[in-house]
Each structure stands twice: as C-alpha cells, then as structure tokens.
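Everything on this sheet refers to the single structure shown next.
The values are calculated or read from the model by the stated rules, or taken from the named source; none is laboratory data. The structure displayed is predicted, hence computed values, not measured ones. Don't worry about glycine lacking a Cβ; one is built from the backbone with ideal geometry, like all the others, and counts go over all protein chains shown. Side chains are part of the model used for accessible areas, which takes the heavy atoms of the whole protein and leaves out ligands, DNA and RNA. Shrake-Rupley method; radii C 1.70, N 1.55, O 1.52, S 1.80 Å.
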There are 4 protein chains.
Amino acid sequence: MTEFKEPIRDIAYLAHIELLTPKPDESLAFFRELMGMEAIHSERQSVFLRGWGDESLYSLKLTEAKHAGLGHVGLRSFSPAALDRRAQAIERSGLGIGWSDGDYGHGKTYRCTDADGHAVELYYEAEKYVAPPSLKPSLKNLPQKYAARGASVTSLDHINLFSSNVDGDSAFWQEKLGFRLSEQAITDQGSKVTAWLHVTNKSYDLAISLDKTGTKGRFHHAAFKVESSEMVLRAADIFLDHGIFIEASPSKHVAGQTMFVYVYEPGGNRIEVCSGGFLILSPDWETITWTPQERKKGLAWGNPLPATFHTYGTPVINP
Amino acid sequence: MTEFKEPIRDIAYLAHIELLTPKPDESLAFFRELMGMEAIHSERQSVFLRGWGDESLYSLKLTEAKHAGLGHVGLRSFSPAALDRRAQAIERSGLGIGWSDGDYGHGKTYRCTDADGHAVELYYEAEKYVAPPSLKPSLKNLPQKYAARGASVTSLDHINLFSSNVDGDSAFWQEKLGFRLSEQAITDQGSKVTAWLHVTNKSYDLAISLDKTGTKGRFHHAAFKVESSEMVLRAADIFLDHGIFIEASPSKHVAGQTMFVYVYEPGGNRIEVCSGGFLILSPDWETITWTPQERKKGLAWGNPLPATFHTYGTPVINP
Amino acid sequence: MTEFKEPIRDIAYLAHIELLTPKPDESLAFFRELMGMEAIHSERQSVFLRGWGDESLYSLKLTEAKHAGLGHVGLRSFSPAALDRRAQAIERSGLGIGWSDGDYGHGKTYRCTDADGHAVELYYEAEKYVAPPSLKPSLKNLPQKYAARGASVTSLDHINLFSSNVDGDSAFWQEKLGFRLSEQAITDQGSKVTAWLHVTNKSYDLAISLDKTGTKGRFHHAAFKVESSEMVLRAADIFLDHGIFIEASPSKHVAGQTMFVYVYEPGGNRIEVCSGGFLILSPDWETITWTPQERKKGLAWGNPLPATFHTYGTPVINP
Amino acid sequence: MTEFKEPIRDIAYLAHIELLTPKPDESLAFFRELMGMEAIHSERQSVFLRGWGDESLYSLKLTEAKHAGLGHVGLRSFSPAALDRRAQAIERSGLGIGWSDGDYGHGKTYRCTDADGHAVELYYEAEKYVAPPSLKPSLKNLPQKYAARGASVTSLDHINLFSSNVDGDSAFWQEKLGFRLSEQAITDQGSKVTAWLHVTNKSYDLAISLDKTGTKGRFHHAAFKVESSEMVLRAADIFLDHGIFIEASPSKHVAGQTMFVYVYEPGGNRIEVCSGGFLILSPDWETITWTPQERKKGLAWGNPLPATFHTYGTPVINP
C-alpha cells in the first residue's frame, strides 16, 4: 500500500467564481434565462447569481469589464483557524496579496494568486442563503425551489483554469491549499498538460490545463452541474434553440467520466453544463496518469474535442 | 392465428380536448407556467393552448364555466371522405348532433356524443401551427422551440373519460369510430371496468373507466406527455413546490406500462403527466384482459392508487 | 391546406430483418450478450433473435454467409387481402420474384426487390411469441421479461438501406408499399440523398441513403431501440468496455431527432442503438426537406458524422 | 453565523458491510444476478462481493448464518494514526472490544459496538481491487467494467441501523467516530426517531432509525447506488420480473431527497437501490430537523411508506 502522508484539509469547497463580461446584459440573460440561475443581488458593476441547489449564497459574481475572463476564484475554509493557516502558508510562498474585509455575503478575506497569476480569495465567514417567499422550497433541506427554467442548473461544479504553467499551478493548489491530484495528463517528458484536482469527495473541483498559446493567467471554463446526463442533452437543445454557440456537443470526458456540453456565453467565457462523475472516498487514491498515447484515443467514446479547446480562453487573444 | 377483420381506419388521432374551469386565471397559469404550454389564441371565454411538440394547432381549449369538466373531445379524420363515413355511421346510431362550420383552427365539424353523453367533435380540415419568430425552432422538423419551462410537456397524449356505462361507451368508440381495444379490466361477470382504446400505434389514446358514483358523462383526466420517466419525477417536484395537489405520486401503470403523476389543476380537473408506454404495430394484437384478481395486485410495482381515483371526476359531485 | 390523397395502408410494420455474417459465432455473441437479445430458434445456417419487447416472433434472422450484408427485409401486412394487393402491385412493376410457403414463424410470403436490388419479403400470417417459463413477464401486456443484459435493446426500430438510386428506391417503397416520405435530404438539383419513410406512426421505419461508392443494393444499418437517451449512452459504455468499434459516438440526429450510437458488429454490419424520435399522427404531414446548405450544419448539435457514414456499407467493398 | 467547532475527521468512508443470511445460495444469486455485483472471493461461510464502481475491494461480505441480520459495519480511517485515535476514544467509552489482525482484504482492525450493540470494525490498511482481464475497464480511472447485468448497482451507498436507542447510537457515531448529523426526525419531546449522519460529502452515509418493537441491535437496510432515478425504476422492474418482494415501490425520500426502491433479499434482509441525493460541502451545515407534524406529510410527493418500514428488521422477530 502507498506511503501515508497526513493531508492538509483546510479548504472546504469551491464557493464561487467571478467572471468578467464585456456584454453584461446578454451574459446576465444567458445565466438567468438559459442556465436557470437566480440573480439575488447587484452592486456597482456586478450581479450575484446562484443555482437553485448552491450551498453558497451565490456561485457566480458576474462583473462588467472591458474583456471577458476570470475575476477571481472564491474558496471557503473549514474554520477561521484553517483560513489563517492557509493565509500564512501562502504568505510564505510569496504569492500572497493580503487581507480585505471581504465582499457581498462573506467576511474577512485573504487574496493571492497562483503561480500563473489567477486571482484566488479565501474566507470562512459566509452568509447563508435565505430564499424569499416566492422561492421557498416545500422541502426545507433544499435551499431553494427547483428552478424549472432553461437548463435548470443545480450548482457550480468545478472550474478549469487555463495556464502557461500547469506544473507550477498544480503544485500551488496542492501544497498551499491542500487539493489532491486525482488525475493528470502528461507529456512524454512527464510535465503536466492537464491536472485534475479535488478538495471535496468529487473527483475534481478544479482543472488546470495548458494554454497552448502560452498566455499567462487566462480562464478556460466554469462548469455548472445538472442532475442527469439527460439534462445535459436537454441543455444542448436549449442552447441550440437560442442561438448560443456550442463549441463541443454533448459527450463524455475520460477524466472524471462526466457528461458535458460546452458553449460560449455571450460575453465570450466558455461555460460547461455537466453531470455524473464519480466520488473519491479513499485516503490512498493513486493519481491516474494519462499518456499522450492514451489521450490520442479522444474522449470516452473515441470522438475528439475541437482544437479550440486547447487555444480558446478568456480574455480572448489574437494569435 | 386470430380471425381477420378489416379494420375501420378513418380517425387519425386525438387532436384536442376542451376543458371547463371555474377558475380560468388560475387554470391558465397552471397550464402555462407549470405545464409549460403556450397560449396561442383566446376568444370569448376560451384560451387555446399547445405543448411545444403538439402536431395540432392546439391540444387544449380552456373555457371558463360554472363547473369544471369536459367541454368536448376533438378528433381528426384521415380525409374528408373518412369524416363523412364516420358522420353517417354515427347518424345512424342515433347519437349524432349535427354539423357546424367548426371552431378556431379547424373547419367543417360533426358533433355527437358517446353512449354516456361525452361530447365528441370530428373534423378533417385543420390549420397548421406556424411558430412566431420567438418560438421558431432551430430544427424545422419540430413545430416549435422546446419549452424549457415548468414540466415542459410535449403534447396531449391521451384522455380518460369517466363513465356510468363503460361497455356502451367502449362499443361506441370501437364500432363508430374505429378505435381498437388494447386492454381492458373486467368484473367477475365480464363487464368492463376500464377500457383502453387506441386509434394510433400508441397502446392507448383513450381510456374509459367506471364512475363508481354512477354519474353520467363525467371527465376523469387528460394526460400530457413528457419525454422520459425522469421528467415525470421532475414534474412532481415542480407541482410540489408550487402547492398543486398531487393525488397520485409518480409510479407506473400496469395498462400501457406508462409512468404517471396525477394532480388536480386549480379548476379541479385531474391532469396526468406521463411518459413511456409501448406501441402496438401488429394487426392482430389480442386484447389484454385484467381480472379483478389480477387488479388486486395494484400498480406495476404493487402499490395502490388512491380510492379517489374511482370516485373523483369533474364536474365534482357531492355524494 | 394540402390536397388530399387517399393513402395506401396495407403494410402494418417492419417485422424483421435478415443479416448475413461471415463471423456467425462472434455476431451471435454480440447480439445476445451486448445487445441483450434472445436467440429463440436456429436452423441450417441461421439463428433467430428477438428483443424483449419485439411484437414479432423475431426481429433478427442472423445467417452465416461469405460476406456481411442484408439477407432480406421482412414486412407484415394488415391482412391477407392487403398482402395480395401489394403482391399484385409489385408484380405489375416487374420487380416481383414470387410466392413461397414462408419461413420459420410466418406463412405464405411474397418476395421481391426494390429498384436497387434489396430483397423484400411480405407476409401476413405470423406466429406469436410465447415466452418460456424462465422469460415469462410478470405483467402480461409485455411479450417477455425485461432483458437486464448488455444494452437491453427493446426491439427493432428501423433499417437504413444503402442505395445507388435513392429516388428510385424511395418511389418503390412509397408507390408499391404505401410508405410515406416524412423527411428527405436533397442535392441542389433536387434528387434525394437520403429519404426517411414511415408506414407506422413512427417518424421513420426505413431510411434509404446514397451509397457514394455507387454500389448497388448494399446495407447501411439496422437500428434497435432502447427506452431512453440515457440507455444509448450506457450502450456506448458497454461497447467500449467490450472492444466493439464505435464509428459514431452518441449524439442526436436532425432527421427524426433520435439519439444514436453506431457500431460495427463483429461480422461487419453497422448497427445503431437509438432512442427518442417523434410520432407523426397528422394525415397531412408535409415532407421536411433538408438542403445541402442546411445539412452542412452537421448533426442536431452541430457536430459532424464520420465520412465513413457515406461510404461504408455491407458487403464491404474495396474502393 | 454558527459557532465554530473543530471537527473530528478520522474516518474516511463506509467501506463494507457484512450481512448474515439463512439462505446463502439464494442471497448470493440475488446480489450477483439481480443486483449485478461480482463475487470476488469466498472463504469458510462467506462470499465477498463488490459493485462495479466500489472503491473498496468489496462492499458486501455475505455470510451464512441461522438468522438474517447485520454481521458488522466496516469503516476505513484516513490514516494509521487516525485509526489509533478512534480506537483509543472508543476504548475510553467502554464500548471497545479489541484489536484483530483483520479480515480478507484488510489489515489490523479494531472492533467495537455502538450503544445499541451493532458491531463496527475500523481499519486503515486495505488491499486495492485489481480487476481480472475479463473485467478490466477500457478507462483506467474506473476500477472495473460497467456491470451490464440486473440492476447494475454501482457501489454501497449507505446503511440504516435499526435501534432501540437512536439518541445513544447517534451520539456514539458523532462523538467517537466524527460523523455529522445532517438531518433528524424527532418526537414532540425532542428525542430522535431517525438520525441521518455523514462522514463524507454525501448527505448521509449512515441512518439510524427507531425500532418500534424495542428490540436492540437489529439491522434496517443497506442501500446500493445506481447512476440515475431511471435506473431505480428499472431495478424495480427487474425485481418484479424475478419475484422479489417489493416492500416500497420507487419513490422519493424527504431526507436526502434520494430516489429509492426497497425489497427483501431472499435471506430476509431489506435492501435499497437508490439514486440522487445531494452533497454537503459547507463546514457549517445546520442539522435539518423534521417534526412529527412535518413527517405526517409522508414522502417527498406525499405518499406514505408501508407500516412495516418501522417494525420489520433483521433478525426477524415475532411480535
């Protein structure tokens, strides 16, 4: 059996993400009407949205900006002490930025970046969502009524960062934040092309993939989860009917074995609607490594992903 | 093999149903928001609605009235000649009422009643649905965009008439209209308790069941179809969240093997959301007969239907 | 409204298909273990198989032969008289071959070919399937226990003939057999590239597509139906796990809007597992025509079919 | 926000369960053929089985015995140190039994009972499953080929202990083993009728419910998971077709919002096939409490559970 190593378990989950959009109205309409999310608050240039099943107050902060891309990734710790431990570790790494009083819905926050420059915010204190009467669910173990609108996405599932330095970023998320490497795709020389990392029992909460354009700190996609593979297919029908560009039609990933459909929201950010995937419960899960040879086989059923999957990210650049 | 009998094949399908409601606004909101249907026209006390996949211009005519219940059943023939043949046969049976110029969306119409007094209208000439730009589907072999709202019902699937005379009604629909008896539930004496009849390849388009109160000409339910058993479960979640009374929670019928959920729409009419069921293609299908002994086993998986299923109909009566 | 034309309605449904295979044992194992069908009889070089929900005694006659391909297509008429009417019409067309006493499970049979040479057999008298005790279902309106094995296919859904003369074949099936043209793909000159035809309420029972190699009378594929899109995905997982070549991974067709997965069975014949699709109930359905421009968009969600889809058929030829 | 309390996180997951059966052959056939599990080993009176997706070497140890019931619950710790910490805490509680060298597939094991006498075993060292060639999956991030047989259960999901002392047992699992109370049903006096506890991100891994007969240490049920609600319905069809007693037909629980079907395996133990449910990621989830008043509403959609659900357990007793 594998050598035992005491895990860092200070981060509870991926709580929210901030996305930037040059088309705030169209992007908002997309997330509301087609994804089925609720806008619960807006201030300055931002609107805060949630899926009907999100545990966080919100899982998406949508902010008007000149270019599409990632604002920041919001992580919640297991405790105030855990937050301090992570902040100190990052401080020592030189990637720390510093503390703030927080943002809408959460308290004291530590801000930093990963090796490639993606902004990350950590906090513990968080406000719980209380549904207004019109959205109060009949069963109180759910946060909100089921959203029977558009793709009816349940919650934020995972995000994928586009990186010029997958090894460096992957090391940061593992060593400073306690994420574990569930799967990886490597080059013949052994450097990472994609890293799948998890901090919950989900097989991944975060993916980091190589930006073949070599640009630093871009965003690849955010994935919102639905309850079945059938709902992924339905989401594709809805996107088709409403003129949303489908970059990759519904199919199944090898890593995590999740069903997916990939589209570009009107602001340009790549969005995934996903379902399925497996849980990892074992403390001694051994990282699954996919070689270039194995990756040649394509997706789970042998079909390929479009070439843009390895070059398109936000902000959009002109090669 | 069974004796060959040349079938009457003059009726093409169940085109629409008219339901009466004492609560027109609440009923309309139910069919629009929770069932996901579109209101395409209104005149006088009626609103005409369709499911996104209905071939008919509309499958539901919702009419304000003092009491809930059936307005009429609308059937479409295969041809003008077929319409005349059926009208003449009914004329001879003494159940005919006569011809009219038709109603919104269809032409020359012959009106009659079945043995128990349920109103039936037959016509051939029908206007096709043309979706407005906002509902135009991206794939033109569908009549309309997929309705990603509420239960997103596809189309009218079948209706169930409540009858004091199942044998008489069943004979009328078979002999005068060419429906075939796919399944039946009988008493120990052999009279029908429920008759399931089909005129298309669906295992039933019409059910006629015994009204234990002995009242004549009442309505049992109308069933709208969704694309999977999962969507029936989802419909139940939506009804629950919106305070709609669920008379029978999702389960599976023996006859037709359809998944169902039964609710009362705000006006009081029983509505089913269903999926599945099988097709009957053979010309020599032998009617399946269910004895009282066999029916004691309950639904497909052994659970019972509520007692109200055999006594509650519209108009609602006080025993 | 469209001009009315009295339809020929003499053919009830596509009852079975005979497939030839140079690898009878491997093909049999594929249909039994991976498709989940039952072998109910064998004689000479043939094994007769059925899906758990097939109304026919069998839907597949698998026959050992030097090369893969189509043996014949088996159609059942609505009546003995309908059989004679069709036989006479075909006789007059010069494509008739003649009468035989029939084959395992069915009586008096008329054999002919379509314009491109695909063999077709028509009959009315057919033996019903009686499940042996081990396969007797608990609900007697099903022919057989649900086959919880492999892809658990329900029944034969449709077939696709590969043709050097789509216009000619399509005319034959419409004029001599009463099939109706639900959809078609045409060239800029208006000749058919693919014709989708139906004789039941299913949107198609038969497809005829252009063999770009120009070869006459080849076979494209047979499609077996499962109960949901989820089961199509599951079928792909099973094929993948058992080393079956997946030519086209699960996706959605434009015509008929069916979910599909395409594989080659060990003998080389292309097999589809499908679900969904819509019914056509209207007597005046207007054929949907897809132009080359529209077809450029690919499948329903925009992904393409592999090029082999237009050139690979059985028997396999060397270009 | 809620007061922060540093959680015990020493137990990784529910690894397996031992069930006793007086009908070993019939029980084995049930789990193999109808549940779709693999028997990977047998020694003395026990057979060891796994679902195709189980992370543990096996999730079920099936042991011949005079009466049905629970053998023991197997839990895996996060580390050797965590195992020692839990053993010491239990030792102090007076419920410890002692250490053994372990059992097939796992090492050094600490045995104890909970307050009501259910046997529990803790260990860290565990052998990984290596699929034989015939079961090797094509995608190596799965432990085994998908089992396309019977209900095709994925893995052990949770267990439910029947207890005369729900408060006591619930306190034991929380305080000694670090499980957290996600939901509870209480009496008007506030004592627990059912406790739902989780140690992973699943909303529950363990339920403890009141044995109304007052018997100590009985077993209520073990639940095996499938990938969708549709597969729960399919499982019910399979059980029906094979004469397995269905105690509760497919429906939806309020707690955890899981779809279920409950049957008695031939040895008498209650088995659930379940799907769905939600994850709990927040460190400050507040226990959901269901009052008797709220429980009166029945299951999620308002239908009741059979009365036997509160009295039938194994070993079976005569009231």
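Between amide H atoms placed 1.01 Å from N, distances below 5 Å from C:Ser59 occur with C:Leu49, C:Arg50, C:Gly51, all of them 5 or more places distant or on a separate chain. Two numbers describe the Cα atoms of the protein assembly as shown: Rg and Dmax, which are 31.2, 96 Å. Listed by chain and number, the aspartates and glutamates whose alpha-carbon sits under 17 Å from that of C:Lys297, ignoring those within fewer than 8 places in the same chain, are A:Asp237, A:Asp241, A:Glu247, C:Glu183, C:Asp188. Taken residue by residue and averaged, Cβ atoms of other chains lying within 10 Å of the Cβ of B:172-178 number 0. Distances between equivalent label points of B:Gln293 across the copies, with each point positioned 7 Å along Cα→Cβ, amount to 5.0, 6.6, 6.8 nm, shortest listed first. The mean number of Cβ atoms from other chains found within 10 Å of a Cβ in peptide A:250-257 is 5, as a whole number.
A point 7 Å from Cα along Cα→Cβ stands in for D:Thr308, and the other copies hold the same point at 2.7, 5.2, 5.7 nm, listed in rising order. In units of the rule-of-thumb radius 2.2 N^0.38 Å, region C:118-220 shows an alpha carbon radius of gyration of 1.39. Remark: C-alpha extents of region D:148-187 on the principal axes read 41, 23, 17 Å, sorted largest to smallest. The contact between chain A and chain C removes approximately 1200 Å² from the accessible area (both sides summed; 1.4 Å probe; ligands, DNA and RNA excluded). Size of chain C: Rg and Dmax of its alpha carbons, in Å, are 18.6, 57. In this structure, the amide hydrogen of A:Val193, modeled 1.01 Å from its nitrogen in the peptide plane, lies closer than 5 angstrom to those of A:Ala185, A:Ile186, A:Thr187, counting only residues at least 5 positions away or on a different chain. The alpha carbon gyration tensor of region A:238-319 gives principal lengths a ≥ b ≥ c with a/c of 1.5 or higher and a/b greater than b/c, which makes the shape prolate. Taking amide H as placed 1.01 Å from N in the peptide plane, the amide H of C:Ser182 sits under 5 Å from that of C:Trp196, C:Leu197, C:His198, each at least 5 places away or on another chain. Of all aspartates and glutamates in the structure, the ones whose alpha carbon falls short of 14 Å from that of A:Lys66, not counting any fewer than 8 places away in one chain, are A:Asp25. Between copies, A:Lys136 shows label-point distances of 4.5, 5.5, 5.9 nm, shortest first, with the point placed 7 angstrom from Cα along Cα to C-beta. Counting only Cβ charges, +1 for Lys and Arg and -1 for Asp and Glu, the dipole size of region B:156-224 around its Cα centre is about 120 debye.
Its residues counted as N, region A:1-130 yields a C-alpha radius of gyration over 2.2 N^0.38 Å of 1.15. Note on B:234-240: average number of Cβ atoms from other chains within 10 Å of each residue's Cβ is 6.
Normalised by the number of residues in region B:199-289, the mean separation of alpha-carbon contacts (under 8 Å, six or more apart) gives a relative contact order of 32 percent. In this simple spin-label model, placing a label point 7 Å from the Cα along the Cα-to-Cβ direction at both A:Thr187 and C:Thr308 gives a separation of 3.2 nm.
Phi-derived couplings, Karplus 6.51 cos²θ - 1.76 cosθ + 1.60 at θ = phi - 60°, listed residue by residue for region D:272-286: 10, 10, 10, 8, x, x, 10, 9, 10, 10, 5, x, 10, 3, 9 Hz, with x used for Gly and Pro. Based on C-alpha pairs under 8 angstrom that are at least 6 apart in sequence, region A:23-176 has a relative contact order of 27 percent.
Our coupling estimate for region D:178-187, obtained by passing each phi through the Karplus curve with A = 6.51, B = -1.76, C = 1.60 and θ = phi - 60°, is x, 5, 10, 8, 7, 9, 8, 10, 10, 7 Hz, Gly and Pro reported as x.
Sort region D:56-185 into rounded, prolate or oblate with this rule: let a ≥ b ≥ c be the square roots of the eigenvalues of the Cα gyration tensor; rounded if a/c is under 1.5, and if a/c is not under 1.5, prolate when a/b is larger than b/c, oblate otherwise.
The shape class here is prolate.
Rolling a 1.4 Å probe over the protein heavy atoms leaves B:Phe78 with an accessible area of roughly 40 Å². Distance from the B-onto-D rotation axis is smallest for the Cβ of the chain B residue given, in whole Å, as B:Glu230, 3.
Could you work out the Rg to Rh ratio of region C:171-319, with Rh taken as the Kirkwood radius (inverse of the mean 1/r over all Cα pairs)? Working shown, then result.
Working: Rg = 15.5 Å, Rh = 16.3 Å.
Ratio value, two decimals: 0.95.
Over chain C, Cα pairs under 8 Å with separation of 6+ residues give a relative contact order of 18 percent. Remark: for residue pairs B:Lys61/B:Lys212; B:Lys145/C:Lys192; D:Lys23/D:Lys61; B:Lys136/C:Lys192; C:Lys23/C:Lys136, the C-alpha separation exceeds 19 Å in B:Lys61/B:Lys212; B:Lys145/C:Lys192; B:Lys136/C:Lys192; C:Lys23/C:Lys136. Phi-derived couplings, Karplus 6.51 cos²θ - 1.76 cosθ + 1.60 at θ = phi - 60°, listed residue by residue for region B:34-40: 8, 8, x, 8, 9, 8, 9 Hz, with x used for Gly and Pro.
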